[in-house]
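The values are calculated or read from the model by the stated rules, or taken from the named source; none is laboratory data. Quick caveat, the model's predicted, so the values are computed rather than measured. A quick note on method: Cβ atoms are made from the backbone with ideal geometry, for glycine too, and the neighbour counts reach across all protein chains shown.
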Amino acid sequence: METNNIVENLKKSKEYGKIKRDLVNQLKLKNAKTPTFLSQVKDYLSMWICKELVVMDIEERGVLIEWENGGSQKGVKRNESIADLSKLNSQMIRLLEALDIKSTTIIANDNEEM
């Protein structure tokens, strides 16, 4: 599937909608639903999409990938998506902290899947 189609499907997913609603609701509860903070929510959702794409790459290609640069040179190296995943997760956590949204303030519905 082409990346643009994957991104569009992620934006239409239930998980994306739940995350967006949760973040906006938490801002609303803090009386912080301002254009600036809503823009930060969009940034968070963009990072979430990137994270999902990275996870898909790791699932598809694995943690270690084979490389070959012509001739007889080839080998195995770590999938660069592993480092990208770590960086994205860290940045997403920092953005939540900047919005003063903590995972401990999220109320999970007992009927929802994790």
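Looking for something closer than 27 Å to LEU96 by Cβ, of a type in the set (Ser, Thr, Tyr) and surrounded by 12 or more Cβ atoms within 10 Å (Cβ to Cβ) - is there at least one such residue anywhere in segment 75-83? Looking through segment 75-83, at least one residue is closer than 27 Å to LEU96 by Cβ, of a type in the set (Ser, Thr, Tyr) and surrounded by 12 or more Cβ atoms within 10 Å (Cβ to Cβ).
Within segment 8-58, the residues that satisfy the criterion of being more than 21 Å from LEU95 (Cα to Cα) and surrounded by 14 or more Cβ atoms within 10 Å (Cβ to Cβ) are MET56, ASP57, ILE58. A Cβ distance below 6 Å, combined with a sequence gap of six or more or placement on separate chains, defines the contacts here; from segment 62-87, residues that are assigned to a strand (DSSP E or B) reach residues that are basic (Lys, Arg) in the pairs TRP67/LYS77; GLU68/LYS74.
What about GLU68, is it under 18 Å from LEU10 (Cβ atoms) and either of a type outside the set (Phe, Trp, Tyr) or at pLDDT below 95 (or both)? Considered against the rule, which asks whether it is under 18 Å from LEU10 (Cβ atoms) and either of a type outside the set (Phe, Trp, Tyr) or at pLDDT below 95 (or both), GLU68 comes out as no.
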